[in-house]
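Working notes for the structure below.
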Amino acid sequence: MQRKFLMIFYIGLFCILSNSILTAQKTTPITTPIPTPFKRPNVKTYWGSTATGTLELSVETASKLISQPLRIIDDKNVGYLISSYQFAYKRIGITEDEVTGKISPQSEIVANRFYISTLPLVWQNNIKEGLQKGEELYFFDIVVISNSGFRFFAPDLKITLL
């Protein structure tokens with residue numbers, strides 16, 4: 001009698017477990033909406049009135065632009081929020097050889113990443129004080145946020161001083 005009872009118990013347990021395993025396998029597929037592809041707008045980088053690309057400006061003009069914000073504008077005149085950008089300033093100085101006393105030009109690059117559209121006041125003042133012919137100002141890796149929240153790169157802006 002006990003054997004018969006154990007056998008019925010195990011067969012019932014097997015049926016319950018196999019049924020629960022089979023029903024657990026049945027799931028409804030999760031449908032995720034297909035994201036619409038982001039089409040990068042045709043934008044230009046502006047610093048004052050200067051636009052995207054490689055430009056040559058006078059020292060006086062560049063000195064006036066130092067306090068101007070960097071702006072990203074598309075061909076429909078819509079402005080975009082700047083997330084971050086890198087700015088590099090190639091400045092020219094002179095060095096004197098201690099042995100011979102000969103003076104020679106030397107350049108160095110200072111750069112940083114910024115998260116606000118205008119350069120910080122310290123940078124503005126340091127650059128204004130030493131602007132010279134032949135130096136370069138370079139805005140690059142400009143990350144922009146679209147109105148729908150997508151991030152994309154804006155064109156670089158490189159300025160050589162005359």
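Table for the structure above
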quantity	calculated
Cα-based equivalent ellipsoid, the stretch 67-162: semi-axes from gyration tensor eigenvalues, Å	35, 12, 12
Stokes-Einstein D in µm²/s, Kirkwood radius over Cα pairs - the chain at 37 °C with 0.692 mPa s viscosity	158 µm²/s
Spatially proximal lysines relative to LYS44 (Cα-Cα < 17 Å; intrachain offsets below 8 disregarded)	LYS76, LYS158
In the stretch 45-117, trypsin sites (Lys or Arg not before Pro) in a DSSP loop with at most 13 other beta-carbon atoms within 10 Å	LYS76, LYS102
Rounded to 5, the percent of DSSP beta bridges in the chain classed as antiparallel	90 percent
Expected 222 nm ellipticity per residue - DSSP helices of 4 or more, -39500 (n - 2.57), all of the chain, to 500	-8000 deg cm²/dmol
Cα lying deepest toward the dipole's positive end in the chain, options PHE38, ASN77, LEU121, charges on Cβ	PHE38
Degrees separating the helix 2-25 axis from the principal Cα axis of the chain, which is the longest one	30 degrees
Lys, Arg +1 and Asp, Glu -1 on Cβ, resulting dipole of the stretch 43-161 about Cα centre, debye, nearest 20	440 debye
Those chymotrypsin sites (Phe, Trp or Tyr not before Pro) in the stretch 124-162 that DSSP places in a loop and that have at most 16 other beta carbons within 10 Å	PHE150
Note, ³J(HN,Hα) from phi for the stretch 85-93, Karplus 6.51, -1.76, 1.60, rounded to Hz, x at Gly and Pro	7, 10, 10, 10, 10, 9, 9, 10, x
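We did not get these values from a lab; they are worked out from the coordinates using the rules stated. In this text, all values refer to a predicted model and were calculated from it rather than measured experimentally. Positions of Cβ are backbone-derived with ideal geometry, glycine not excepted, and every protein chain shown enters the neighbour counts.
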